[in-house]
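Below is one structure, written out as structure tokens, with a few remarks after it.
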Amino acid sequence: MSEVLEFSAGLFADLFDDNAEINASSIGHYQTYGFVLAIASSPEKLSPVEWQPLLFKESKLPDFESPELGKVFTFNIRSLWNELNEQLSNEMIVLPKACDYSTNAGGNEALIEYCIGYLRGYVWLKSVWEHAIEAPETGDSKADMMLKMLVFALMTLSQPEKMAASHQAGQANMSADQAWKLLPTLLTSVGINGQAISEIEKLTAEQNAKLDAMQPIPKIGRNDPCYCGSGKKYKKCCLQ
């Protein structure tokens, strides 16, 4: 029976608040949350061995003073991973409770860090997304549009001054109010699309493997012994 890793938002927050080593070496509580969602939404299945080092500032797992702390960190990341995949299965991404936004003040620190974390994951996966969207078997113009809208929304909430400047320069933009309103829907849609693409590629790979494993039927000459084992020549047996 597989281990059930139940996610606790409180314990996940404590992981960073109560551990100076993790707080100092990692990308932080909310960036980690956003980054892991970006990975869960990937159109390519990835092993934690590939991406977990990226949760740290030097992109490598630190040598914790206590080996137990490393295990605790990994346990919490796996439980967060399971929680986010469960949310995608239920088609409803829920932002961390601390993430907030107001028209006058903009996004709070938790929301900004969350958006930055997701963008970090997206940048790391950008070539994967581009390949998936351009591939004939998985390409989808709607998925491409939703992904671009999500990136726009994340940048609007995390880099409001930069996006305002681009708007003044005549570039297309969305307001921060719109970005905040659309964010959960966009995160959910992109995650669902990414996982659907991943499943298509998995099934395609499995089918190709089955075809490659099939042994071709050897060509039988007219005068060769018939493959049915009758002892007659092929031309006087099953060929007729």
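The values are calculated or read from the model by the stated rules, or taken from the named source; none is laboratory data. Here the structure is a predicted model, which means the values were calculated and not measured. For neighbour counting, all protein chains shown are included, and Cβ atoms are generated from backbone atoms with ideal geometry for every residue, glycine included.
Observations, loosely collected:
- Given (1) in a helix (DSSP H, G or I); (2) within 19 Å of residue 124 (Cβ to Cβ); (3) not acidic (Asp, Glu), index of the condition residue 46 fails: (1)
- Subset tally (residues that are in contact with a helix residue (DSSP H, G or I) (Cβ under 8 Å, 6 or more places away or on another chain) and either of a type in the set (S, T, N, Q) or at pLDDT 95 or above (or both)) for the stretch 23-55: 22
- Residue 115 being part of a loop (DSSP other than H, G, I, E, B) and in contact with a Gly (Cβ under 9 Å, 6 or more places away or on another chain): no
- Criterion applied to 68, 83 was being modelled with pLDDT of 90 or more, under 18 Å from residue 16 (Cβ atoms) and touching a Phe, Trp or Tyr at 6+ places or on another chain (Cβ under 7 Å), and the one residue passing it is 83.
- Screening residue 83 against (1) within 22 Å of residue 29 (Cα to Cα); (2) crowded, with 19+ Cβ neighbours inside 10 Å; (3) touching a Leu at 6+ places or on another chain (Cβ under 8 Å) leaves a single unmet condition, (3).
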